[in-house]
Amino acid sequence: MRKGRPQLFLLLLSAALLLGACGLLVGEPFIEPLFEANITREFNDRALVDFRAYPAQALDPLDPFSHFAIFYRIYISDTPVPATTTDTFNAINPTLHANFNTVSPFIDSDTLIGTNMHNLFSGMNFRYLSLGTMTVTDGVATITPQDINAVLNRAIGTYVVEFNFSQSQQIPVIRLGGSEYVLLRATGHQGIGFTPRPEHRLFLNSLDLRNPDFINVNENADVVDRAGIDPMRRDFTFVAMFLVAVGMNSATFATVYSTPSLIHVFQLPDD
């Protein structure tokens, strides 16, 4: 029996090291991602995300998964791109290319798991997407903010969600199960507020959004400029959106995340 104890210890130690190498601590719950194969991207303005493929574990009330979060960042550009792909990211904005290269190793990875995605994306100045509903009364539009966590919750597993940024759409929206929500920019991050310009918070290409004077931590804190371009050609804006499944460790109450998926890089329609 005594001869077997060192071997048992080594076996347990190897298992612990393997889990640590994967980024997942012993006892930490695993959150399944929505894999990229379930996302269809079209041109520069539309994506379909098939949540029906999300694992059945999400339906288990004991499972740590609770909702999906979407991280976004807006990029100034002088280059219109009819179809955004990884090959066009550097032409759009070199910072977009660099940001994607940072996230890319985690996408669909089965080894780089357990990473705190909030810290990863916050470190690149990404913000959390918000949602709202729009009503029009006597020609006046009113937007009412909605809880995005309640929309992208466990019930999302029954839907294919459409992200539509087309110019004909006029205002970018998502559609699921007969419901439509307006996409809204953030107004703060980690307890620090900022004032997006224009104040309507819609994902629309506008003079205020592109104005370099407003790209700072107090106003357009979700926008990154492109250096070295002709001021007369800074006419375009794009947004990168990444999807992450979120849950909670019931033992420590810490937030846990899946690996990310790229929804798309959308060109914003003109205001």
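Where a number appears in this text, it was derived from the coordinates with a stated rule and is not lab data. This is a predicted model, so every value here is computed, not measured. Cβ placement follows ideal geometry from the backbone for every residue including glycine, while neighbour counts extend to all protein chains displayed.
Scanning the range 76-87 for residues that are more than 19 Å from the chain's Cα centre (by Cα) and without any contact (Cβ under 8 Å) to a residue 60 or more places away in the chain turns up P82, A83, D87.
How many of the residues making up the range 186-219 are assigned to a loop (DSSP other than H, G, I, E, B) and within 14 Å of F238 (Cα to Cα)?
Step one: of the range 186-219, the residues assigned to a loop (DSSP other than H, G, I, E, B) are 186-187, 190-191, 194-201, 203-204, 206, 211, 215-219.
From what's left, within 14 Å of F238 (Cα to Cα): 203-204, 206.
Residues meeting the conditions: 3.
Of the numbered criteria (1) touching a Lys or Arg at 6+ places or on another chain (Cβ under 6 Å); (2) touching a residue at least 24 places away in the same chain (Cβ under 8 Å), the one D208 fails is (2).
Against the test of being surrounded by 13 or more Cβ atoms within 10 Å (Cβ to Cβ) and in contact with an Asp or Glu (Cβ under 9 Å, 6 or more places away or on another chain), the options D225, D208, D230 yield a single qualifying residue, D208.
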